[in-house]
Amino acid sequence: MGHGDFTHSRSKGREKPTIWQADQDVDIEDLTFVIPIIISVVLLSVFLIRKYIRWTVQCPSNNRLDGKTVVITGANTGLGKATAMELAKRGAKVILACRDRKKGDVLARQIRIKTTNEEIYSYHLDMSSLVAIKEFVDDFTSREPFLHILINNAAYLGPKATTEDGYERTFGVNYLGHFYLTYLLQDRLKRCASSRVINVISDSYTKATLDFEDLAMAKYNIYKAYARSKLAMILFTGEAARRWMSSHVLLYGVHPGMVCTDLLRNWPGLTGNILRATSRILFKSPEDGCQTIVYCAVANEIKAQTGKYLENCQLFKVKKTALDKDMAQKLWELSLHLCKLPPEPKTDSEVRSIGKHEVKADGKEEDKKLK
Ligand SMILES: NC(=O)c1ccc[n+]([C@@H]2O[C@H](COP(=O)([O-])OP(=O)(O)OC[C@H]3O[C@@H](n4cnc5c(N)ncnc54)[C@H](OP(=O)(O)O)[C@@H]3O)[C@@H](O)[C@H]2O)c1
């Protein structure tokens, strides 16, 4: 008789079925007792992990944004959509910058109806094309006099592909496109100072390396490409904050946590299916995930925190690699080159270091005469 064969044993006067094993009999009644325990432990673990991942600090500020104009990239779904809804409720004029204009129009109508805020508009913006980004900026600046808040949210995560300009797509859409967009909009942001740029980042950056000699990523890996694009966004946040501090353009990097959105839709194969199923069970809702983005858009108390990174409406420290000023400056210069923009000679921080300006922690600038 082999493992798993049934036999019968006498126990307390009555016959019970058992499973025969090499050195012991396992009582079926014992198994019916053990299985519920295993199921309970699994369910409890899932419950606790879910609670941990979904832990969210709701935006503590009730500030409104009446009279303020906000642009959100990738606004037609996920975090962008949830953020648009919340900022519309707070009275902002919201520009939904989407690559699918029809989806943008449908959402604009939905938000107008739900919030009774009529100032919701959709524009075409494809982050994978420098030409399309320039067209968006021209269209936007010709129609809208103000830009108070720019939310760089759109992202691609998927198999290896390139942008229209031939750059690796994850880097191109998630980082370079946003660099170019923000750069072209900087005059409008400076005119509306103090204005805010919110870069949606991800803690995946900790797994990233940024090799300037291998921007095409010869050994492509979906997650590493995504992580690299987010590392670039973090470096960009710090560098732009230093450069534009004296113009009172404030920058923040927001990690929203793990959120159930369409982000994983392009991840192929079994891994993609498992990740999507897991995200539906464990991850936060977009409404919870957008709380820190909303906080950075509205809160007064974070004005002095330009160039910082937040999660759950609190500051968090990023790793040293993401704070490397030389790397950030190199990336800035390379990005200007990739976007065919002219090089810039000086940063605000360089200007400060020779004593022309002194910028205090609260963002106010004091003139200081050269000795
Ligand atoms: N979900 C998470 O767990 C998580 C965690 C950390 C950080 N984030 C970040 O949160 C941000 C929002 O992502 P999400 O989770 O809300 O994902 P999502 O639901 O997939 O939203 C991404 C948005 O980006 C848009 N997009 C993609 N390629 C574009 C392009 N070439 N031009 C213009 N728009 C483009 C998408 O438009 P289409 O619908 O037309 O494709 C979509 O609206 C991203 O920056 C992401 O990296 C997410």
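Candidates are the residues of region 305-343 that are β-branched (Val, Ile, Thr) and closer than 22 Å to Ser204 by Cβ; the one that is surrounded by the fewest Cβ atoms within 10 Å (Cβ to Cβ) is Thr321. Being under 23 Å from Ile293 (Cβ atoms), part of a strand (DSSP E or B) and either of a type in the set (D, E, K, R) or within 16 Å of the ligand (Cβ to nearest atom) (or both) is a property that does not hold for Asn174. Kindly establish whether Glu168 is surrounded by fewer than 18 Cβ atoms within 10 Å (Cβ to Cβ) and either away from the ligand (no atom under 16 Å from the Cβ) or touching a residue at least 12 places away in the same chain (Cβ under 8 Å) (or both). Taking the combined requirement at face value, the residue does not satisfy it. Within region 87-103, the residues that satisfy the criterion of being surrounded by fewer than 23 Cβ atoms within 10 Å (Cβ to Cβ) and either away from the ligand (no atom under 14 Å from the Cβ) or at pLDDT 95 or above (or both) are Lys89, Arg90, Gly91, Lys93, Arg99, Asp100, Lys102, Lys103.
Applying the selection to region 301-317, what residues are within 14 Å of Glu239 (Cα to Cα) and assigned to a loop (DSSP other than H, G, I, E, B)? Thr306, Gly307 - these are the residues of region 301-317 that are within 14 Å of Glu239 (Cα to Cα) and assigned to a loop (DSSP other than H, G, I, E, B). For Arg196, which of the numbered conditions (1) in a loop (DSSP other than H, G, I, E, B); (2) buried (at least 17 other Cβ atoms within 10 Å of the Cβ); (3) away from the ligand (no atom under 12 Å from the Cβ) fails to hold? That leaves (1) as the condition not met. Screening region 141-164 for residues that are within 12 Å of the ligand (Cβ to nearest atom) and either of a type in the set (Asp, Glu) or closer than 20 Å to Ala241 by Cα (or both) and picking the one that is surrounded by the most Cβ atoms within 10 Å (Cβ to Cβ) gives Ile151.
Residue by residue, here is whether (1) outside any loop (DSSP other than H, G, I, E, B); (2) closer than 28 Å to Ile281 by Cα holds:
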site	(1), (2)
Ile49	yes, yes
Ile53	yes, yes
Pro60	no, yes
Arg64	no, no
Leu96	yes, no
Asp105	yes, no
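Inspection of region 112-130 identifies at least one residue that is part of a strand (DSSP E or B), modelled with pLDDT of 95 or more and under 27 Å from Cys313 (Cα atoms).
Condition check for Leu315 on (1) free of Cβ contacts under 8 Å to residues at least 24 places away in the same chain; (2) more than 15 Å from Val57 (Cα to Cα): one failure, at (2). Is at least one residue of region 232-241 surrounded by fewer than 20 Cβ atoms within 10 Å (Cβ to Cβ) and either touching a residue at least 60 places away in the same chain (Cβ under 8 Å) or among the hydrophobic types (A, V, I, L, M, F, W, C) (or both)? Checking region 232-241: not a single residue is surrounded by fewer than 20 Cβ atoms within 10 Å (Cβ to Cβ) and either touching a residue at least 60 places away in the same chain (Cβ under 8 Å) or among the hydrophobic types (A, V, I, L, M, F, W, C) (or both). No other residue among Val259, Val294, Val254 is within 20 Å of Ile72 (Cα to Cα), at pLDDT 95 or above and more than 13 Å from the ligand (Cβ to nearest atom) apart from Val294.
Listed by first and then second residue, the pairs linking a residue in region 144-158 that is modelled with pLDDT under 95 to a residue that is aromatic (Phe, Trp, Tyr) and near the ligand (Cβ under 9 Å from one of its atoms), with Cβ atoms under 8 Å apart and 6 or more places separating them unless they lie on different chains, form an empty list.
The values are calculated or read from the model by the stated rules, or taken from the named source; none is laboratory data. Quick caveat, the model's predicted, so the values are computed rather than measured. Neighbour counts run over all protein chains shown; Cβ positions are idealised from the backbone, glycine included.
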